[in-house]
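Everything below concerns the one structure shown next.
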Amino acid sequence: MRRVILTIVGTIAGLVALLSFKSHLPTAPSASVSTAGGSGSTSGTPAPSSSPSTVPGEFPMGSLAGKLPAGETAVTGHVATTVYGPVQIQLITRNSKIVKVAVLQQPMNTANDIQIGEFAFPKLIGETLAAQTAKIDAVSGASYTSAGYIKSLQSALDNGA
Amino acid sequence: MTGGQAGRLRHPEHVMGTVVSFDVPSWARGPLGEAVRWLHWVDGTFSPYLPDSDVSRLGAGEVSLAQCAPELTEVLEACAAVSALSGGYFTTTPGGRLDPSGYVKGWAIERAAAMITAAGSAEHSVNGGGDVQCVGDRGSGQPWRIGIADPLRPGTLALVVAGRDFAVATSGVAERGPHIVNPHTGQPATDLASVTVVGPGLTLTDAYATAAFAMGSGARDWVESLDGYEAFAITSRGANWQTSGLRAYLT
């Protein structure tokens, strides 16, 4: 399981696709963040920098560890420090497949940071999931926050996926 | 930090402001380490963000070119050639100060891949934050498959290109807003949302992608005129175009 998922993460944002999982991909960047309410993080995972919320398009903010159906596992990454601020993510896996990626922390210092987070994270998360279905070896594209994302993703895997 | 399929070694390295991901045969741990050291040396020498780099000191007039690493002379001469070939759309002073990053990343990654080839590997890839050099194929005679991210539909791929011994580079609007300036107007290039260039080596493929993005709609004819290079672009309005030879890379 670990080997399979590490393969996915090995190349930036892209990642080998070994799996045939059908994901709910985000289809558009969203300008608004709607508050979903509910409880915050659980079981020792650091708190997200804002209350849990969801950007339309399968972009959960905040830990999902406390609300998983049977058979799914949450793996939380270390905080990755980037020049823009801390990034931390959580992977949800089922049967060796990444089924969801949640963002626990992202740079939120400026309005621009927030806008980037709304644009970049769904994009990178979507690419990770899309890579699983398109059977590709890597993704070519322009991205800036990839580094922090991948660092955090990698550490989530290192932590026990 | 590493994992992957049997017989393969994958390694993401945080360097040059991005992550460079290696996919190499598992015996190639030594050459991989050598390639990683090379990338860090390039970062320290060429980064415009490090005040002590040769590029920063040369740009500030603190040293002469002769006092810098000889590779800097090589890079600046090559940049001048690309600038001439692209009608000035490629520049080493995009923000008004010396910054050859538009050339250096692709060059450093192509050379890193070549170091692993020289050590005996015929099947590996190096992906520098979205700009990819593929050597040989991905194994078992299968071509490498590179997804091209759709900049207008986050999380989706616009296209998949497949090939052997090839490079794929994409220039686009950065997540922090337009970052490639049309040197002729001084304004950010806005015709295209992204342009992907496919070619043999990442050095020129990446530099051409940068020039093509600055060029905008005129890039189609320009890349068409370049022997051995093809392009795929998504315009800001969501349309797309490709050069005539791109079909050879489509599956």
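Each reported figure results from applying straightforward, stated rules to the coordinates on display, with no laboratory input. Because the structure is predicted, anything quoted here is derived from the model rather than measured. Reconstructed Cβ throughout: ideal geometry from the backbone, glycine too, with neighbour counts over all protein chains shown.
Quick notes on this structure:
- Kirkwood hydrodynamic radius of the stretch B:1-121, Cα pairs, Å: 15.6
- Square roots of 5 times each gyration tensor eigenvalue, C-alpha, the stretch B:118-208, largest first, Å: 28, 15, 10
- As a rough footprinting exposure proxy, the listed residues B:L152, A:L104 were ranked by other beta carbons within 10 Å of their own, and the order from fewest upward is B:L152, A:L104.
- Each of B:L202, A:L68, B:L76 has some number of other Cβ atoms within 10 Å of its Cβ, and from fewest to most they run A:L68, B:L76, B:L202.
- Positive minus negative residues near B:Y249 (Lys, Arg vs Asp, Glu; Cβ under 14 Å): -1
- Rg in Å to one decimal, and Dmax rounded to a whole Å, for chain B via C-alpha atoms: 17.8, 52
- Counted charge near B:L98, where neighbours are those whose Cβ lies closer than 12 Å (Asp, Glu -1; Lys, Arg +1): -1
- Counting Cβ atoms of other protein chains within 10 Å of each Cβ in B:12-23 and taking the mean gives 5.
- Radius 10 Å from Cβ of B:A35, net charge of other residues (Lys, Arg +1; Asp, Glu -1): 0
- Estimated FRET transfer efficiency (B:E62, B:W41; beta-carbon r; R0 22 Å; 0.05): 0.65
- Anchor A:K67: aspartates and glutamates whose Cα lies under 16 Å away (excluding residues fewer than 8 positions away in-chain): A:E58
- FRET efficiency for A:N109 and B:L250, using Cβ-Cβ distance with R0 set to 51 Å, rounded to 0.05: 0.75
- Mean residue ellipticity (222 nm) of chain B, computed from DSSP H runs ≥ 4 via -39,500 (n - 2.57), nearest 500: -10000 deg cm²/dmol
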